[in-house]
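One structure is given here, and the rest of the page talks about it.
The values are calculated or read from the model by the stated rules, or taken from the named source; none is laboratory data. As the structure is a computational prediction, the values presented were derived from the model and not from experiment. Every residue, glycine among them, receives a Cβ derived from its backbone with ideal geometry; neighbour counts consider all protein chains shown.
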Amino acid sequence: MMTIINLILITIIVCFIVDCSGVMTDIRKFVAKQIFKYTKVKVDYAELKLKPIGCSICSTWWIGLIYLIFVGKFTIPYIAFVAFLSLISSNISGLLLTIKDYLAAFEMWLQKLIQK
């Protein structure tokens, strides 16, 4: 059971880092600058694909598999669960952003209440 909880938590962390934090945009910009620096070829960072770390689906899949190998639980049911978590990773990212938006709306409501 702990392995499943850890896989879910890893997926949430990956989704936050890859889809919500903005760090992937910074990494893409850095890579595009380095490509231009060494080749003089201008690359649009927004179209730069950095698989397997550039999307939450790929990152969840590979990090989940690495975790299963590391803890010695590399079995078909756990691999299938990692596949499922990878599949719903964009939904998890959307849920994280929705929670953030609801908290921001609550904060604004609270500030208005306090100011009265």
For the structure I just gave you, tell me whether residue 73 is modelled with pLDDT of 95 or more, in a helix (DSSP H, G or I), surrounded by 10 or more Cβ atoms within 10 Å (Cβ to Cβ) and charged (D, E, K, R).
no
With the structure loaded, tell me whether residue 92 is among the aliphatic types (A, V, I, L, M) and touching an Asp or Glu at 6+ places or on another chain (Cβ under 9 Å) or whether it fails that test.
yes
Name every residue in segment 14-39 that is exposed (fewer than 13 other Cβ atoms within 10 Å of the Cβ) and either of a type in the set (A, V, I, L, M) or not in a helix (DSSP H, G or I) (or both), in order of residue number.
21, 22, 23
Within segment 85-95, tally of residues that are surrounded by 14 or more Cβ atoms within 10 Å (Cβ to Cβ) and in a helix (DSSP H, G or I):
7
Taking residue 103, is it touching a residue at least 24 places away in the same chain (Cβ under 8 Å) and either surrounded by fewer than 15 Cβ atoms within 10 Å (Cβ to Cβ) or among the aliphatic types (A, V, I, L, M) (or both)?
no
Restricting segment 40-60 to residues that are assigned to a helix (DSSP H, G or I) and not charged (D, E, K, R), which is surrounded by the most Cβ atoms within 10 Å (Cβ to Cβ)?
60
